[in-house]
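Reviewing the structure listed below.
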Amino acid sequence: MEKFRSGYVSLTGRPNVGKSTLLNTILGEKISIVTPKPQTTRNRLVGIKTLHDAQIIFIDTPGIHRPKHKLGELIVAEARKAAAEVDIILFMVEPELPGPGDKHIVAMLDDLHKPVFLVINKVDTRKKPQLLPVIDAYSGLYPFREIIPVSALKGDGIDLLLDNIVQYLPEGPKYYPDDIMTDQIERFMAAERVREKVMQQTEEEIPHSAATEVVQWSERKDGVVFIAVNIYVERKGQKGIIIGKDGARLKAIGTAARIEIEQLLGAKVFLELWVKIKKDWRSDSRFLSELGFK
């Protein structure tokens, strides 16, 4: 009989290289928020892909960058910790020659002594001959076990990536039931949907100064789920930007988030949003701990 394989795989790389998009594409379900802005993922997300002969547990880590505040330090520490604990590391890059940030991550990988795949994302934006110098440059930096070009957005190369991952996984049990795709609780995923819509609606005005927290969750007799979410910002001006003229922007954020949360829960949702000022919250260790950052 064919032996079952299972294990943990981290998605590692600079911010905004497409790690969350890749995870969502592999799972066929949106569990990680995606925006054009870097450093979107703040927490370690777990996505589970169950195949007939293997179960791959993906860790979507925050992008590794040079931190500018306490939140940034916790994010980078979480990414490093995840890379050290898994069976395989997917080092995800864009189809460009390695820059200082990529070389910094390669140096970190050198100490881990485990299989590392180079996953070159967004190859749909380049012609094949343009990829050769990129592959050569990265090959000179590290002895990658596999080099796999993919397009996370279009799904190209995903089957090949999964096949290669399975070959390197150790024999092991099925850790999760077949129908489970993530270990994230619904409250966290609802808060993340709201944060995604804040980032999308405010563009460059509120890049990473917003945090979200579910402060109330109850199911009413008619089956409607009532959810209250606080949106924290650092300055009064940011609060005004999120609310918008006559509350129009906050209403748009709430409508877009509610639609996705209803799809997530399979139920009608009444979503209430409150915008609160928490000065310099990204450098407040106690507040970060309350939000779940350890």
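The values are calculated or read from the model by the stated rules, or taken from the named source; none is laboratory data. What you see is a predicted model, and the numbers here were worked out from it, not measured in a lab. Backbone-built Cβ (ideal geometry, glycine too); neighbour counts: all protein chains shown.
Quick look at the values:
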item	result
Residues that are of a type in the set (Val, Ile, Thr) and either touching a Lys or Arg at 6+ places or on another chain (Cβ under 9 Å) or on the phi > 0 side of the Ramachandran plot (or both), drawn from region 124-155	Val134, Val150
Condition check for Gly240: in the same structural domain as Met199 (by TED's automatic domain parsing), more than 24 Å from Gly223 (Cβ to Cβ) and surrounded by fewer than 18 Cβ atoms within 10 Å (Cβ to Cβ)	yes
Single residue of region 143-179 satisfying the filter (more than 12 Å from Arg5 (Cβ to Cβ), modelled with pLDDT under 95 and touching a strand residue (DSSP E or B) at 6+ places or on another chain (Cβ under 7 Å)) that is surrounded by the most Cβ atoms within 10 Å (Cβ to Cβ)	Tyr176
Residue within region 236-248 that is touching a residue at least 40 places away in the same chain (Cβ under 8 Å), at negative phi and not in a helix (DSSP H, G or I) present	no
Number of positions in region 110-123 that are farther than 10 Å from Pro149 by Cα and either outside the structural domain of Ile135 (by TED's automatic domain parsing) or part of a strand (DSSP E or B) (or both)	2
Hits in region 96-124 (condition: within 18 Å of Leu161 (Cβ to Cβ), crowded, with 19+ Cβ neighbours inside 10 Å and not hydrophobic (A, V, I, L, M, F, W, C))	Pro115, Asn121, Lys122
Any hit, region 214-222, residues being more than 28 Å from Glu29 (Cβ to Cβ), surrounded by 19 or more Cβ atoms within 10 Å (Cβ to Cβ), at pLDDT below 90 and outside the structural domain of Glu29 (by TED's automatic domain parsing)	no
So Thr182, is it modelled with pLDDT under 85 and within 27 Å of Lys114 (Cα to Cα)	yes
Selected residue [of a type in the set (Gly, Ala, Ser), at pLDDT below 90 and assigned by TED's automatic domain parsing to the domain that holds Ile227] from Ala191, Ala107	Ala191
Criterion: among the charged types (D, E, K, R), surrounded by fewer than 21 Cβ atoms within 10 Å (Cβ to Cβ) and at pLDDT below 50 - qualifying residue of Lys49, Lys37	Lys37
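Yes or no, residue by residue, for (1) closer than 30 Å to His52 by Cα; (2) not aliphatic (A, V, I, L, M):
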| site | (1), (2) |
| --- | --- |
| Phe144 | yes, yes |
| Ile148 | yes, no |
| Asp163 | yes, yes |
| Met181 | yes, no |
| Ala190 | no, no |
